[in-house]
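Q: This is the structure, below, for whatever I ask next.
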Amino acid sequence: MFNVYTFTMATISFSLKGKNTLKSIYLKLYFKDEVGTKHNLYKNTGTQIIDSDWNAKTKRPKANTDHNKVLRNQLNNLEDFIIDNFTKDIANNTIIDKDWLQLQIDLFFKRVHLTSTSTDLLIDCIQEVINTAPQRPNGKNGIGLSKDRIKHYKRLKSLVQEFQTETKKQYRVKDVNKRFAVEFLSYLTERMYATSYQQKKLSDIKVVCNNARSNGIEISPQLPDIKITSVSNEFINYYDEKEIALIENLNTKNKAMNNAIKWVLLGCYTGQRGNDLVNLTEKNIVAKNGRKYIEVKQEKTGKPVFIPVHTKIEKIIKDGFPYHLNINGERGLNKRLKEIGKLAGLDEVIKGKKYDNSLERLVQGKYPKYELMRTHDLRRSFATNLYGKLPTTVIRAITGHSTEQMLLKYIGKTNIDMAQQLSEYYEKEELKANNKAPMTVLKKASNN
């Protein structure tokens, strides 16, 4: 095995080969191993350049055209990429040969993609999950991770890279132990990430490590002992019935705003997730047993849901369903929702988390209510406003929550809320009993 500490620093150089005017650009990797043997590895980069556009002194393309400038930057970045991977792979006792060099060139130019990790580095194992996302089981009992899930793993990789820079250490899968968990969570806490987000990221790391184990990579014996805490939603935002009435009474002359208002109201009265909501059309209305329903096959759960078309929904769609609106973007429903809340005067200052563009994450603070509202809060409004008026099994049938516990957590109900509801029930029953109690008629006292 090679010892990384006895290797000389690797160097990269480029040269041209070919008999024609348009020549191929070759890369040479030079290094000496622990016994002093020199290694010169040559590989074609797959790029070409006209002989006269090559600077023989710098061994790079001349900066005489935009194309050559781009090519020069590519070669500089390729050099950095290979040197970084050389250092990492030597530390892992990887054999550095022509095949290794060809793989690095192909990876850099995205001509190939790794389908499985060849190292036990945590970063590589996260990337392996990303690479195999189309073949991985998902929560719908199907195959293929969603775009959002892949996005979460990419963000996880960035966080781990930032953490490694901070700690000046490159973590392997077997390093993910109790101490790692404490230090990683402390790092996220210092950067003001929400507790629930911290736990989700730690949970994702455990998934990555268990996946690595299935690929024969050693894990820490402490990994199963790293507990993931279920954190209640710290800030429950929703529109109560009075606030929904304020939105209903808005009268704007802006067609796009009126369209968005319809979606907001439909969200409050149908209880569906954002994507399921904005994809509704007249085709979703069906008749069963003499009544009209909105039929939805929920994207996340795959469950069919039937929502009664009551008078409030009929009023919203009397002129047809609103036209489709994206969830995000400058003209998306999330942006419109905040504008609608502001128009309706929903400006009470409350605690919550607002997205910070510079930090690219949610930041806790105190903000006007309309600034905090997002499309998933419409579904929460539906569930919260009906809670206590309908059995939770009925509410769950519409929202798609699998268990009562999930529903109660979603709308922020606690044990004391349950106790209060039971107390109010007993009070009502006692009032009914008292009102039905037989009256005793007292005879008028005689004057005799």
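A short reminder: the numbers here are calculations on the coordinates, not readings from a lab. What you see is a predicted model, and the numbers here were worked out from it, not measured in a lab. Ideal geometry is used to build each Cβ from the backbone, glycine not excepted, and the neighbour counts take in all protein chains shown.
Q: Normalised by the number of residues in segment 118-231, what is the relative contact order in percent for Cα pairs under 8 Å and 6+ residues apart? Spell out each step's value before the answer.
A: Details: 111 pairs, mean separation 35.1, N = 114.
The normalised contact order for segment 118-231 reaches 31 percent.
Q: If R₀ is 35 angstrom, what is the calculated FRET efficiency for the pair Gln364 and Thr87, using the beta carbon separation as r and rounding to 0.05? Spell out each step's value before the answer.
A: On the way: r = 39 Å, r/R0 = 1.11.
The pair Gln364/Thr87 has a calculated efficiency of 0.35.
Q: So what's the projected area for segment 1-112, the Cα convex hull averaged over all directions, in nm²? Provide the component values of the computation, followed by the final result.
A: Working: hull surface 29.8 nm².
That works out to 7.5 nm², a quarter of the Cα hull's surface.
Q: Run through segment 240-335 and list the chymotrypsin sites (Phe, Trp or Tyr not before Pro) located in a DSSP loop whose Cβ has at most 13 other Cβ atoms within 10 Å. Before the final figure, lay out the partial values.
A: On the way: sites: Trp263, Tyr269, Tyr293, Phe306, Tyr323; in loops: Tyr323.
The qualifying sites are Tyr323.
Q: Net charge near Pro308: determine it from the other residues with C-beta under 15 Å of the C-beta of Pro308, scoring Lys and Arg +1 and Asp and Glu -1. Working shown, then result.
A: Working: positive: Lys288, Arg291, Lys292, Lys312, Lys315, Lys389; negative: Glu295, Glu314.
Neighbourhood net charge equals +4.
Q: By how many degrees, 0 to 90 and rounded to 10, does the Cα axis of helix 333-343 deviate from the longest principal axis of the chain?
A: Helix 333-343 sits roughly 50 degrees off the main axis of the chain.
Q: Okay, moving on. Which one, Thr65, Thr37, Tyr187, is farthest towards the positive end of the dipole of the chain when Lys and Arg carry +1 and Asp and Glu -1 on their Cβ?
A: Positive-most Cα among the choices belongs to Thr65.
Q: Give me Rg over Rh for segment 241-413, both radii from the alpha carbons and Rh done the Kirkwood way, two decimal places.
A: Details: Rg = 16.2 Å, Rh = 16.9 Å.
For segment 241-413, the value is 0.96.
Q: What angle do you read, to the nearest 10 degrees and between 0 and 90, between the alpha-carbon axis of helix 147-167 and the longest principal axis of the chain?
A: Approximately 60 degrees, to the nearest 10.
Q: Calculate the tail of P(r) for segment 253-318: the fraction of all Cα-Cα distances greater than 16 Å, expressed in %.
A: Working: 983 of 2145 pairs.
Result: 46 percent of Cα pairs exceed 16 Å.
Q: I would also like to ask the following. If you find the alpha carbon centre of segment 315-375 and of segment 221-268, how far apart are they in angstrom?
A: Taking the Cα centre of each part, segment 315-375 and segment 221-268 sit 8 Å apart.
Q: Using +1 on the beta carbon of Lys and Arg, -1 on that of Asp and Glu, and nothing else charged, what's the dipole of segment 1-112 about the Cα centre, debye to 20? Don't skip to the answer; put the middle values down first.
A: Values: 17 positive and 12 negative charges, 106 e Å.
Taking the Cα centre of segment 1-112 as origin, the dipole is about 500 debye.
Q: Continuing with the same structure: Among 173-181, 374-382, what's the highest-first ranking by average C-beta atoms within 10 angstrom per residue? Don't jump to the answer; show the numbers that get you there.
A: On the way: 173-181: 18.1, 374-382: 22.1.
The densest-packed peptide leads the list: 374-382, 173-181.
Q: Just to be sure I understand, if you calculate volume of the Cα convex hull per residue in Å³ for this structure, which of [x] 155; [y] 272; [z] 136 do you get?
A: Only one option fits the structure, namely [y].
Q: Using Cα pairs under 8 angstrom and six or more residues apart, how large is the relative contact order of segment 1-112, in percent?
A: On the way: 156 pairs, mean separation 25.6, N = 112.
So the answer I get is 23 percent.
Q: Would you mind working out the magnitude of the charge dipole of segment 120-273 relative to its Cα centre, with +1 at each Lys and Arg C-beta and -1 at each Asp and Glu C-beta, to the nearest 20 Debye? Let's see the in-between values first.
A: On the way: 25 positive and 17 negative charges, 84 e Å.
The calculation lands at about 400 debye.
Q: Using a Gaussian network model of the chain with C-alpha springs under 10 Å, which one of Gln272, Gln198, Gln170 is most mobile by mean-square fluctuation?
A: The residue with the greatest mean-square fluctuation here is Gln170.
Q: With viscosity set to 1.306 mPa s at 10 °C, what whole-number translational diffusion coefficient in µm²/s follows for segment 334-404 from Stokes-Einstein and a Kirkwood radius over Cα pairs?
A: Details: Rh = 13.9 Å.
This corresponds to a translational diffusion coefficient of 115 µm²/s.
Q: So how far, in whole Å, is the C-alpha centre of segment 117-180 from the one of segment 182-200?
A: The distance from the Cα centre of segment 117-180 to that of segment 182-200 comes to 17 Å.
Q: Identify all aspartates and glutamates with a Cα-Cα distance to Lys315 below 13 Å; exclude those on the same chain that are fewer than 8 residues away in sequence.
A: List returned: Glu248.
Q: So what's the back-of-envelope 222 nm ellipticity for the chain, counting only DSSP H runs of four-plus at -39500 (n - 2.57) apiece and dividing by all residues, rounded to 500? Could you put the intermediate results ahead of the total?
A: Numbers: 16 runs with 199 residues, N = 448.
That calculation yields -14000 deg cm²/dmol at 222 nm.
Q: Taking Cα atoms, how many degrees apart are the long axis of helix 415-436 and the longest axis of the chain, rounded to 10 and kept between 0 and 90?
A: Relative to the chain, helix 415-436 is tipped by roughly 10 degrees.
Q: Suppose a student asked you for the relative contact order of segment 241-413, using Cα pairs under 8 Å spaced at least 6 residues apart; what percent would you report?
A: Values: 225 pairs, mean separation 41.8, N = 173.
About 24 percent, as a whole number.
Q: So if I place +1 on the C-beta of Lys and Arg and -1 on the C-beta of Asp and Glu, and nothing else carries charge, what would the dipole magnitude of the chain be about its Cα centre? I want it in debye, nearest 20. Write down the numbers at each step before the final one.
A: Working: 75 positive and 49 negative charges, 197 e Å.
The calculated dipole for the chain is roughly 940 debye.
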